[in-house]
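The values are calculated or read from the model by the stated rules, or taken from the named source; none is laboratory data. Keep in mind that what you see is a predicted model, and the values were worked out from it rather than measured. Cβ sites come from the backbone with ideal geometry, for glycine too, and all protein chains shown count toward neighbours.
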Amino acid sequence: MSFQKPHIALAGATGNLDLVILDTLLSAGYTVTALTRHTSPSISKLPSHPNLTAHPVDFTSVTSLTTALLSTSTKASVVISALATLPIGAQNPLIDACGAAGLNPLARDLPVCAPKAATQRYLAQKCAENPECGFSWTGIANGLFLDWSATLYNGSDVQCNVTLLMDVARAVLGVIENLDSEDIRNRVVYVDSAVVSQRRLIGYVQEMDDGGPDVEGAMLGFCIVGSWDPEYGCDFLGRLDNELLGMKEMSEKGLKGFIS
C-alpha cells in the first residue's frame with residue numbers, strides 16, 4: 001500500500017527553523033496549514049504556494065485551535081509544533097486541541113528546557129487519559145543547531161551532538177512517514193548531523209584564510225551547561241534514531257566543508 005500523505009498543521013511557521021521545516025514539507029508534496037498568531041505580522045514571511053494555507057489562531061484558546069484543526073479547509077491529521085523559545089512552555093492549549101480533534105502532535109525539542117520537559121509530561125498525561133482516541137505524540141531532540149554560534153562554552157573538548165536545520169526538517173519528515181510505527185510513538189526520538197567538540201569546529205574555521213573567528217570563553221546559564229556537559233546527556237551515544245528516520249551523519253569531509 002502506498003503511503004498516504006497526511007495534511008499537516010504547522011504551529012509556528014515563520015521562525016528560522018520553522019521556515020526550513022515548511023519548505024521541506026512543501027517540497028515533499030505535503031499540504032500544510034500554517035497556524036499563525038492572530039496578532040502577529042509575521043504571516044508576511046510565509047511563501048506563496050498552492051499547498052499552503054495560513055490560518056490565524058489564538059494560541060491561548062483551545063476553542064480557537066480546535067476550530068482551526070477541524071475546519072473544512074484544514075482537515076489536518078498531524079500537528080507539528082515548532083513554536084519558538086518564549087511560547088515553548090505555553091503549548092497545553094495546542095495539546096488539548098489536538099486531543100479534542102483526535103490528532104497526533106509532533107514537537108521538535110531543545111537541549112535543556114524545563115518548560116519542554118513539562119510539555120512532554122503533559123503529553124504523556126493526555127495519552128494516559130484518552131487511550132481510546134488514538135492520540136499519540138513524538139518529540140525530536142536535536143542537540144545544538146550546527147548552523148549557528150562559534151563561542152566556546154564550558155571548555156572546548158566535550159563531545160556534543162549537533163544538527164543542521166535542514167536535518168531537523170528531514171527528521172520531521174521521517175517521523176511523519178513512520179506514524180504507524182510503535183518505535184516512534186509517545187517518546188522523544190534523537191537525531192543529529194554530527195558529533196563534534198567545539199575545539200574541532202573552531203579548528204576547521206581557523207584553517208580558513210581569514211584566520212577564523214574571535215573565540216570567546218563563557219558560561220551562559222543552564223541551557224549552555226546542559227549542552228556542553230556530559231552529565232546532562234549532551235552526547236546521544238546509544239540513543240540515536242537516525243537510521244529509523246532515514247538520516248545519515250555528515251562525513252568528516254562534509255562537516256569540514258560546511259564549517260569552512
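Within the range 24-41, if we keep just the residues that are among the small types (Gly, Ala, Ser) and surrounded by 14 or more Cβ atoms within 10 Å (Cβ to Cβ), the residue that is nearest to residue 9 (Cα to Cα) turns out to be 34.
Would you mind stating whether residue 119 is at negative phi, surrounded by 16 or more Cβ atoms within 10 Å (Cβ to Cβ) and either modelled with pLDDT of 75 or more or of a type in the set (Gly, Ala, Ser) (or both)? Answer is yes for this residue.
Only residues that are at pLDDT 90 or above, among the hydroxyl-bearing types (Ser, Thr, Tyr) and not in a loop (DSSP other than H, G, I, E, B): list them for the range 1-52, please. Scanning the range 1-52 gives 24, 27, 33. Looking at this structure, is residue 12 on the phi > 0 side of the Ramachandran plot, in contact (Cβ under 8 Å) with a residue 24 or more places away in the chain, in contact with a Leu (Cβ under 7 Å, 6 or more places away or on another chain) and among the small types (Gly, Ala, Ser)? For residue 12, the condition - on the phi > 0 side of the Ramachandran plot, in contact (Cβ under 8 Å) with a residue 24 or more places away in the chain, in contact with a Leu (Cβ under 7 Å, 6 or more places away or on another chain) and among the small types (Gly, Ala, Ser) - is met. One residue stands out among those in the range 1-23 that are under 20 Å from residue 105 (Cβ atoms) and among the small types (Gly, Ala, Ser): the one that is surrounded by the most Cβ atoms within 10 Å (Cβ to Cβ), which is 9.
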